[in-house]
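Beneath this line is the structure, given in structure tokens, with notes to follow.
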Amino acid sequence: MAAIRTCKILCVVGAILLVSGRPGIGLGADIQVEGRRNIFLRGSLDNCRIRFELQREGCVAFMGGSITEMNGYRPMVCKILERRYPQTEFTFINAGIASTCSTTGAFRLESDVLENEALAGRPVDLLFVEFAVNDDQDAGHARRECIRGMEGIVRHCRQAHPAMDVVIVYFVNPGMLETLRAGNTPLPIAAHEEVARRYEVPSIDLAREVAERIAAGKLTWKEFGGTHPAPAGNAICAAMIDRLMDRAWAEPLAQDAVQKAHAMPEPLDPLSYLNGRFVDPKEADAGDGWTLGVPDWERLKGGKRGRFRSIPLLCGETPGAELALEFSGTAVGAYVLAGPDAGVVKASVDGDPSRRVDLYHRFSANLHYPRTVMFATDLGPGRHTLRLRIDEESTSGGHAVRIMQFAAN
């Protein structure tokens, strides 16, 4: 599902000027001397450097929501890497999907990043992860969900490829900005930082950097560009990442340097989504009232994003329609498109009392919104059976269930 971007990437001229340290769009030449205390170099970024510098090839992935998917900080960082290593052949993976949170990220990591077809069997060398804004404004996650998603991503990466380097990046929305200006840390950033410290993962606190610059009168929210930053705002982030690389790679690299596995400490939460994966809807035992195929989107109200319009979905709209899915793991859910007609399901695992799960999201009124809903998250390891039934009642007045993938941990 993730789009691919390789090598040749164009950036807005003003943003490139900012990244290179020259004056740009309204922010001045001080971009290279600010932001230092909001860059956290933990552990090492030597493994990817060995690939880039000595082996002259590299795979770099970017995972997150719309801030990653858009033409923003991501292509700027790609240009920075190409500038640093002009003789290196890079493969860049854009695994940003608008509206998705770290929970969805943990379950799609395997398909969209670790096993992305562009890699041709090679491991990712460097992964940038950005989910703070969507964990806040889209998912409204509590600390537990923020931890389980982000720790799941980091730990799964290290299980699959122990030498993979990871950097976590924190963007900001108006509500998070107000929290920072009040002297507090937004919940998703605090939770993701717990993961970063636990696993010695570098992080870029762009959110705090923006808040501090605004408080000092050196930047306005309008200049930054808002939740989806303008080129000038994205360039601040890219410059901070460039400076992180300066620090990490300040000393010459030994010609005989070899990659080393990153440490794997005990998890913050043993039930984090560290084995997250998608399960094909074809594996479900779906009874009457369910179809597997591409919906007739033209007859359905609400906006439809192009990336989802051709995907076969497991669809049901009849109250009382049931399905069963056998799976292994400690958690189960579904990655769904929840539109204006989104329904409610009752979910039961292994015959336990059913749980009512409303698929409708506050953004569903005008959009078939991608979200991951969890049916059970604290199961014992081993085989389980999920049973779903479309409920007669719903928030939207509709009963539609459109499943892109089941999710299991």
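The values are calculated or read from the model by the stated rules, or taken from the named source; none is laboratory data. What you are looking at is a predicted structure, and each value in this text was computed from that prediction instead of being measured. For neighbour counting, all protein chains shown are included, and Cβ atoms are generated from backbone atoms with ideal geometry for every residue, glycine included.
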So for segment 219-240 (the condition being under 30 Å from residue 53 (Cα atoms) and of a type in the set (D, E, K, R)), does at least one residue qualify? no
If I filter segment 58-80 down to residues being under 21 Å from the mean Cα position of the chain (by Cα) and aliphatic (A, V, I, L, M), which single residue comes out as nearest to residue 224 (Cα to Cα)? 67
Within segment 293-310, residues being surrounded by 14 or more Cβ atoms within 10 Å (Cβ to Cβ) and either among the aliphatic types (A, V, I, L, M) or in contact with a Phe, Trp or Tyr (Cβ under 7 Å, 6 or more places away or on another chain) (or both) number 2
Which listed residue is of a type outside the set (A, V, I, L, M) and surrounded by fewer than 20 Cβ atoms within 10 Å (Cβ to Cβ), from 105, 121, 152: 121
Can you give me the number of residues within segment 133-170 that are over 24 Å from residue 263 (Cα atoms) and of a type in the set (A, V, I, L, M, F, W, C)? 3
Every listed condition ((1) in contact with a Gly (Cβ under 9 Å, 6 or more places away or on another chain); (2) in contact (Cβ under 8 Å) with a residue 60 or more places away in the chain) holds for residue 105 save (2)
Residue check, residue 375 aromatic (Phe, Trp, Tyr), buried (at least 20 other Cβ atoms within 10 Å of the Cβ), over 28 Å from residue 66 (Cα atoms) and assigned by TED's automatic domain parsing to the domain that holds residue 297: no
Could you please give the count of residues in segment 178-234 that are within 15 Å of residue 38 (Cβ to Cβ), polar (S, T, N, Q) and under 17 Å from the mean Cα position of the chain (by Cα)? 1
In the set 293, 320, 276, which member is closer than 22 Å to residue 143 by Cα and of a type in the set (Gly, Ala, Ser)? 276
Going by the conditions given, is residue 278 without any contact (Cβ under 8 Å) to a residue 24 or more places away in the chain and crowded, with 18+ Cβ neighbours inside 10 Å? no
Hey, could you check segment 165-202 for residues that are hydroxyl-bearing (Ser, Thr, Tyr) and free of Cβ contacts under 8 Å to residues at least 24 places away in the same chain and say which is nearest to residue 49 (Cα to Cα)? 185
